Every structure is written in structure tokens, then in C-alpha cells.
Amino acid sequence: MRCPSCNSLDTQVKDSRPTEDSAVIRRRRVCVSCNFRFTTFERVQLRELTVIKRNGRRVPFDRDKLMRSVQISLRKRAVDPERVEKMVSAIVRELESAGEAEVSSEAIGEIVMEHLRGLDDVAYVRFASVYRNFREAKDFEAVLGELSAEDDAPRLAPVRK
């Protein structure tokens, strides 16, 4: 692992431990050259994914980019970071287990919107506004109409004893 401070390749692992859900291993490292300490995270990757952009360009899938876009939509929202991490991991697992090495950016966007819808309505609308390229207020109204229609759907009344 390359040191982020001096770019030396000579680093040592000082401590390794799994995260709470045991999906990621956290490693504390130290650079032998400059004594800089840093943390890395290791996670399972089922397959290499390639994203096919709207313009036809192919780029490697970047989990961090997905996380950043989700965090932007969740900015100033009271959502537990652990729930966000689990959601992003679930999205990545869903993409990797789909069996395809190449996935379109549209498919990724739809999956993200599906997961955000269950996590936070405001984040869902924010993400949808960028993903679907909203240009007018009626675009927002349409998405808000979908959300309110879901809320108005008949639900089973709780059983009281």
C-alpha cells in the first residue's frame, strides 16, 4: 500500500479489525520511511464492473463516487451514516451479483433512486432532480406526486386487542 504522505511503497500493517457488520476490514498502517500513520479499508469485490456512460464512454465503477453522490443528496439530512454505508454496500452487491460485467449509468441511477426512496424522501427528490435532469417546477411536482400517492395508498390498520 502506497503511503499517502511520501508515496513510499514500504508500509506495515499495525492493526486489523473487522467493522461492526464484518463486511469490511479496517487496517491501521504506518509508513516505514516517514512514520506517517493512516487507515485503509478492505472489502470483498465479487467482480470488476464497468460503467457505460450516457455518451457511450466506458469507465471503471467507483464505489467512492457512488458514495459521494449519495452523500450530496443526503446533505443536512438526519440520516445515520451507518445506514448510508449499508445502503451503498447493498447497491454495490446488487450490481455485482447481477451477473453483468458492464452496467449502464442509467441502471445505477435507478437502483440508487430505489434505495434512496426507502431511506429519505428529500434525498430521493434531490437525487432524482439531478439524475433525471429536472428543468421546470412541474418535474418536481411529478416526483412529489409519486411520493404522496405512495403515502396515500391504503395501509392495513394495526390490530388492537
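Compute the relative contact order of segment 1-139 as a whole-number percentage, counting only Cα pairs closer than 8 Å that sit 6 or more residues apart in sequence. Rounded, it is 17 percent for segment 1-139. For Thr11, the residues whose modelled amide H falls within less than 5 Å of its own, excluding neighbours fewer than 5 places apart on the same chain, are Val32. Under Stokes-Einstein, with the Kirkwood radius over Cα pairs standing in for Rh, what whole-number D in µm²/s applies to segment 1-152 at 37 °C and 0.692 mPa s? It comes out at roughly 183 µm²/s.
Relative to 2.2 N^0.38 Å, what does the C-alpha radius of gyration of segment 12-90 come to as a ratio? Two decimals please. It would help to have the intermediate numbers written out before the result.
Working: Rg = 16.1 Å, N = 79, 2.2 N^0.38 = 11.6 Å.
Dividing the Cα Rg of segment 12-90 by 2.2 N^0.38 Å gives 1.39.
Taking the Cα centre of the chain as the origin and placing charges on Cβ (Lys, Arg +1; Asp, Glu -1), which of Phe38, Ala90, Ser105 is farthest toward the positive end of the dipole? Of the listed residues, the answer is Phe38.
Measuring nothing but protein heavy atoms, the accessible surface of segment 68-107 at 1.4 Å probe radius is 50 percent carbon and sulfur.
Averaged per residue, segment 1-111 has 67 square angstrom of accessible surface, using a 1.4 angstrom probe with ligands and nucleic acids left out. Where does segment 78-152 land on Rg/Rh, using Cα atoms and the Kirkwood Rh? Value, to two decimals: 1.01.
The values are calculated or read from the model by the stated rules, or taken from the named source; none is laboratory data. Remember, it's a predicted structure, so these values are computed and weren't measured experimentally. Please note: Cβ atoms are built from the backbone with ideal geometry, for glycine as well, and neighbour counts cover all protein chains shown. Heads up: the accessible areas ignore ligands, DNA and RNA and are worked out on the full protein's heavy atoms, side chains in. Shrake-Rupley method; radii C 1.70, N 1.55, O 1.52, S 1.80 Å.
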